[in-house]
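The values are calculated or read from the model by the stated rules, or taken from the named source; none is laboratory data. Everything numeric here is computed off the predicted structure, so don't read it as measured data. Cβ placement follows ideal geometry from the backbone for every residue including glycine, while neighbour counts extend to all protein chains displayed. Side chains are part of the model used for accessible areas, which takes the heavy atoms of the whole protein and leaves out ligands, DNA and RNA. Shrake-Rupley method; radii C 1.70, N 1.55, O 1.52, S 1.80 Å.
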Amino acid sequence: MVDYSPPVQVSPLAGRSDRAEWLIPTIALSITFLLTVIVYWPGLHGPLVFDDAANLEPINDWLRGNVDWFSVVFGNDSGLLGRPISMASFVANVALLGPSTWGLKLGNLLVHLVNGAVVFALFVGLIRRGMLNRDTSRNVYWLAWLGASIWLLHPLLASTVLYVVQRMAMLSALFMLLAMLAYLHGRIALNEQRNTTAYTLLALAVPICTILAALSKENGILAPALCALIELFAFQPATDSRRAWQSKAFIGAVLILPAVIAIVLTVAQVPFITAGYASRPFTLSERLLTETRVLWSYIGNLVVPGRPTLGFYHDDYPISHSLFAPMRTWLAIVAGLATIGAAWRLRKIIPGFALGFGIFLVSHSLESTVFPLAIYFEHRNYLPAVGAIWAILSLLVFLAHAVRPHLRNATVIFSGTACIVVLMLAFSTHIRAQVWSSQPSMIAQAVLAHPNSMGARFDAIILALAQNPPAIADARKNADWLRDSTDPTSKRLGTIERIQIDCTAGAGADPDMVRQMFAGRSGRFEEDLLHAFELLSDQVGMHPCPGLSPVQMASGLTGMLDRWTPAVGNEANWRLRFRAANLYMAADHNADAIEQAKLAYYKGSPPVNTAIMIAGVLIYCGNTPDSKHILDSVEPLLRPSDLIAHKIIADDRNKILKLEQSPLPPKTQQ
């Protein structure tokens, strides 16, 4: 697979002065590493956020001695492949630095620094291959330093580095970058007929890195497609020459064919793509339209960093309902197609622009296309930012070459500008890290920058109620803001929270609000809404509220679910019906508790641990046949290391045996 592109021109001083050429930029990169540590240091003291606690709970089980490390590493339910590499890194992190959040975030920062070094090495290789511009500069290492420094210090990536479970995205990016680096040098070795090196890198290193990337997070399966982009743009045939058939086959197999298959599956509306949209406030087509704007928003935040809207909460991002609603949707699509066309036309002149923009798009092809994920998350840019920064840098270098003859002291101007950009990024990221240093500062900034964010308002209420004493006035202000929203889900969430606040304050639940909370015949059970119902159910179960008894809460939940009829397997079926079963059980309404527990299991497809708890409810209420069926179904799914679960099942079986041997019938008081 030999390419016929012209050889890259290197500096005539390379050789004797090569060491001097790379030594100073390497020292500069070390200074960038130190600056990155200083910039991020305040954020290491910040809290866990969003799904951090849920994903790290197996670590707590391991520390308590309930499971062994093998179960933690290979028993994770995140993603299709379980992400064992990422879980192993958490186990090693805790073993070395202890279980503190600070140590886990420090681990993320160290991974970020390693990734920065690989980005630098990749940029050096691409520049030497002529991927910045065809006339390779003598400033190879300085340009690579600038690109890597921008990536290391960019504030858009702060919410990845300081979000503990995004270690998964960071490790996946690490191995994908290594795969790209291995492919680049493997292809160069193949051209130079260093076959042993070439085959080692191409046939061994690239596949291994791809597997490790996918076992860190599923995005890793994109590594071959990213390598195909390098093949497509960095190894273009010379003029009047044709691309080797092996090169065409590789590009077609790992870049074009998967794209065609994905389009066919999407058009066919296969369930594994469409099923998740039942609990989302947007459809598949709306998500695809909206993501065209989101991608440009990401690029805008890369070009103009430090915006106050940066952060964790973006659930207020407006949905595109059609090509012209809003009009920016149509403009985003046109701009995207025009940029792709321009990148292809300029691939001979500015190959780095085509390669970088391609890396950006391909890296987003899983999380920013058809799958029913949240619309906007900054951490999705961790790897795509490498491509975007490379594309932008390529354009700037091209323009710099054009204006250099017309500038006095051009080198001083360009160098000074580069240093100022790096320092400005460092300052902006340091501000972001300070915001991430505490939960109150994160939420306060989010509410200020995203006043219409349901998630930000919800978390602000939870934080206010967690104060000692509870900050009732602040909580009510945020709940009333949600209740005044025109969005039905936000309005319902605000009503739930207002009832919880009033119950906490001892004022009791307003009957009209209780009716509004459960009213309606259709709707979507979004995560914040489910979580709010669960929190209120738990509070009512432990501390009955005037105007809202446990039975009233349970009846309201079941009536709402019966009217909304979520699909079998929908998360709402097991989460809310299980809460209703517990509330009925606490009130000795055993027949109702049994009915809801059975619906939670048979219609909800709950996870194993919840299924065991459902069996416990059935046992308490005297339903031994269904409880035995559930235990028989879930026990084979447990690993031998799940000691606590095995013990609970053993205890439950003893309870069932005693109930079956008892001459007294179970109570079914209504």
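Looking across the stretch 511-537 at every residue that is open to solvent by 60 Å² or more (accessible area, probe 1.4 Å) and assigned to a helix (DSSP H, G or I), the one that is farthest from Ala374 (Cα to Cα) is identified as Pro511.
Looking for whichever is β-branched (Val, Ile, Thr) and in a loop (DSSP other than H, G, I, E, B) here; the options are Val362, Val370. Which one fits?
Going through Val362, Val370 in turn, the sole match is Val370.
Could you please let me know if Ala433 is at pLDDT 95 or above and within 30 Å of Leu162 (Cβ to Cβ)? Spelling it out, Ala433 is indeed at pLDDT 95 or above and within 30 Å of Leu162 (Cβ to Cβ).
Pairs needed: first member in the stretch 191-218, assigned to a loop (DSSP other than H, G, I, E, B); second member anywhere, surrounded by 15 or more Cβ atoms within 10 Å (Cβ to Cβ) and charged (D, E, K, R); C-beta distance under 7 Å; at least 6 residues apart or different chains. If the second residue must be surrounded by 15 or more Cβ atoms within 10 Å (Cβ to Cβ) and charged (D, E, K, R), the pairs left are Lys217/Arg83. Scanning the stretch 443-476 for residues that are closer than 15 Å to Thr504 by Cα and either assigned to a helix (DSSP H, G or I) or in contact with a strand residue (DSSP E or B) (Cβ under 9 Å, 6 or more places away or on another chain) (or both) yields a total of 10. Between Leu366, Leu463, Leu448, the distinction of being under 21 Å from the mean Cα position of the chain (by Cα), at pLDDT 90 or above and open to solvent by 30 Å² or more (accessible area, probe 1.4 Å) belongs to Leu366 only. Number of residues in the stretch 477-504 that are outside any helix (DSSP H, G or I) and either crowded, with 16+ Cβ neighbours inside 10 Å or more than 27 Å from the chain's Cα centre (by Cα) (or both): the value is 3. Taking Ala507 as the residue in question, decide whether it is modelled with pLDDT under 90, over 28 Å from the mean Cα position of the chain (by Cα), surrounded by fewer than 20 Cβ atoms within 10 Å (Cβ to Cβ) and within 25 Å of Pro566 (Cα to Cα). So Ala507 does not fit the description; no.
From the list Leu106, Leu96, Leu122, which one is open to solvent by 40 Å² or more (accessible area, probe 1.4 Å) and assigned to a helix (DSSP H, G or I)? Unique residue meeting the criteria: Leu96. Within the stretch 1-53, restricting attention to residues that are of a type in the set (A, V, I, L, M) and touching an Asp or Glu at 6+ places or on another chain (Cβ under 8 Å), the residue that is modelled with the highest pLDDT is Ala14.
If I filter the stretch 375-415 down to residues being open to solvent by less than 30 Å² (accessible area, probe 1.4 Å) and of a type in the set (Gly, Ala, Ser), which single residue comes out as farthest from Tyr317 (Cα to Cα)? Only one residue fits best here, namely Ala410. Scanning the stretch 561-572 for residues that are of a type in the set (A, V, I, L, M) and open to solvent by 40 Å² or more (accessible area, probe 1.4 Å) turns up Ala567, Val568. Tell me whether the stretch 265-284 contains one or more residues that are at pLDDT 85 or above, open to solvent by less than 70 Å² (accessible area, probe 1.4 Å) and either farther than 27 Å from Arg83 by Cα or among the charged types (D, E, K, R) (or both). Taking every residue of the stretch 265-284 in turn, at least one turns out to be at pLDDT 85 or above, open to solvent by less than 70 Å² (accessible area, probe 1.4 Å) and either farther than 27 Å from Arg83 by Cα or among the charged types (D, E, K, R) (or both). Residues in the stretch 339-360 that are free of Cβ contacts under 8 Å to residues at least 24 places away in the same chain and open to solvent by 60 Å² or more (accessible area, probe 1.4 Å): Ile340, Trp344, Arg345. Here Ser159 meets the list (1) touching a Leu at 6+ places or on another chain (Cβ under 8 Å); (2) open to solvent by 20 Å² or more (accessible area, probe 1.4 Å) almost entirely, failing just condition (2).
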